[in-house]
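We did not get these values from a lab; they are worked out from the coordinates using the rules stated. Predicted, not measured: the structure shown is a model, and the values here were computed from it. Here Cβ is always computed from backbone atoms with ideal geometry, including for glycine, and neighbour counts include all displayed protein chains.
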Ligand code: HEM
Ligand code: HEM
C-alpha cells in the first residue's frame with residue numbers, strides 16, 4: 001500500500017473511517033465486558049462488596065464514562081446493522097454511503113436522548 | 001486520477017467471475033455468518049439491558065444487590081443475561097481474533113495472543129454462567145428481609 005497515496009475510492013474516505021470506528025468501538029466494548037462480568041461476579045461473593053462497587057458507578061465522573069460507553073455501543077450497533085444490510089440487501093452496496101449518513105443521523109438522535117436522561121438521573125436532577 | 005471503476009462484480013467482470021477452489025473447511029464462512037446473526041440479536045439484548053438498568057425508574061441510582069436479586073428472581077431475565085453473556089463474548093472474541101490476525105504478523109505472536117484471548121473468553125463465560133445459575137439471594141451480607 002502506498003504511503004503517499006492522495007486518496008482512493010476507499011482510503012481516507014467515509015468507508016475507511018466507519019471501519020476504523022467499528023473496530024475501535026468493538027474492542028472497547030469487549031474490554032468493558034470482561035471487567036463488567038468480573039464485577040458482577042461479586043454478587044455471588046458478598047452483597048455489600050457488590051453494592052460498594054456499584055456505588056462507584058454512580059458518581060458523576062463514572063456517569064460520563066458510561067455515557068461514552070453507550071455512545072460507542074450505539075455506533076457499533078447501528079453501523080453493524082448497516083454492514084449487515086450491505087451484505088444481505090440487494091441494493092445495500094449501492095446505498096452504503098446513504099446508509100452511513102442514516103447511521104450517523106439515528107446515532108445522534110438516540111445518543112442525545114440517552115445522554116439527557118442518563119446524565120440528569122446521575123447528576124440528581126430528575 | 002479519476003479512473004472509471006465499475007462496481008465489483010458488475011458489467012464485464014460479472015459473467016466471468018469464478019470462485020477459487022473450494023476450501024476444505026467452512027469455519028470462516030460460519031464465523032462470518034455468526035457475526036451477523038449474533039449482531040442482530042445483540043441489538044435487542046443490549047438495548048433491553050440498558051433500558052432496564054439505566055433508563056427506567058431512577059436509572060443507575062436504583063442499581064444494587066437487591067435490584068439484581070429482583071431481576072434474577074425471574075427466569076426471563078436469567079435467560080436474557082445468559083444469552084447476552086454468551087453471544088456478546090463469542091461475538092467479541094471472534095471480532096478480536098480477526099483483529100489479531102490482521103495486525104500480529106509473526107506466527108508465534110499470533111498464537112500467543114489468541115491463546116490468551118481464548119483462555120480469557122472461556123474463563124469469563126464459565127464464571128458469568130455460574131454466577132447466574134448459582135445466584136443466592138441470601139449470600140454473605142445480604143440486605144434482603146427474608147434472609
Ligand atoms: C453502563 C452500562 C451498564 C450497566 C449499568 C450494566 C449493569 C448491569 C447489572 C446491574 C447487571 C446485573 C444483572 C442484571 O441487572 O441483569 C449486569 C449484568 C450483565 N451485563 Fe450489564 N450493564 C451495562 C452494560 C452492559 C453491556 C454493554 C453489556 C454487553 C456487552 C452487558 C452485559 C452484561 C452481562 C452479560 C451480564 C450478566 C453477567 C453474569 O453473567 O454474571 N452489560 N449488568
Ligand atoms: C449491538 C449489537 C452488535 C451488532 C449489530 C454488531 C455487528 C457487528 C458486525 C456486523 C461486525 C462485522 C463482522 C465482520 O466484519 O465480518 C462486527 C464486528 C465486531 N464486533 Fe460487533 N456487533 C454488536 C455488538 C458487539 C459487542 C457487544 C461486542 C463486544 C463484546 C462487539 C465486538 C466486535 C468486534 C471486536 C468486531 C471486529 C471488528 C473488526 O474486525 O474490525 N460487537 N460487529
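Taking B:70, B:92, B:39 in turn, the Gaussian network model of chain B (Cα-Cα springs below 10 Å) assigns the largest fluctuation to B:70.
Based on the convex hull around the alpha carbon atoms, segment B:23-147 presents an average projected area of 10.5 nm². Segment B:131-145 and segment B:20-38 have Cα centres lying 42 Å from one another. Residue exposure proxy: A:16, B:89, ordered by other Cβ atoms within 10 angstrom of their Cβ from fewest to most, comes out as A:16, B:89. Sorted ascending by nearby beta carbons within 10 Å, beginning with the fewest, B:22, B:114 become B:22, B:114.
Among B:95-103, A:71-79, B:124-132, how do they line up by average Cβ neighbours within 10 Å per residue, starting with the highest?
Working: B:95-103: 15.1, A:71-79: 20.1, B:124-132: 17.1.
The packing order, highest mean first, is A:71-79, B:124-132, B:95-103.
Counting Cβ atoms of other protein chains within 10 Å of each Cβ in A:42-54 and taking the mean gives 6.
Over all directions, the average projected area of the alpha-carbon convex hull for segment B:77-141 comes to how many nm²? Provide the component values of the computation, followed by the final result.
On the way: hull surface 21.5 nm².
With every direction weighted equally, the projected area is 5.4 nm².
Computed with the Debye formula from one identical point scatterer per Cα of the protein assembly as shown, without solvent, the log10 of I(q)/I(0) at q = 0.08 Å⁻¹ comes to -0.43. In summary, chain A shows an alpha-carbon radius of gyration equal to 1.37 times the 2.2 N^0.38 Å reference for compact globular proteins.
Shielding of peptide B:52-63 by partners, expressed as the average count of other chain Cβ atoms within 10 Å per residue Cβ, is 4.
Using alpha carbons only, how many angstrom separate the centre of segment A:65-102 from the centre of segment B:52-93? Rounded to whole Å, the Cα centres lie 25 Å apart.
Which whole number gives the average, over all residues in A:25-35, of C-beta atoms from other chains lying within 10 Å of the residue C-beta?
Numbers: counts 0, 6, 4, 0, 6, 11, 2, 1, 8, 6, 1.
Mean shielding count: 4.
Taking the average, over residues, of other Cβ atoms within 10 Å as the packing measure, peptides B:28-36, A:27-35 rank A:27-35, B:28-36 from highest down.
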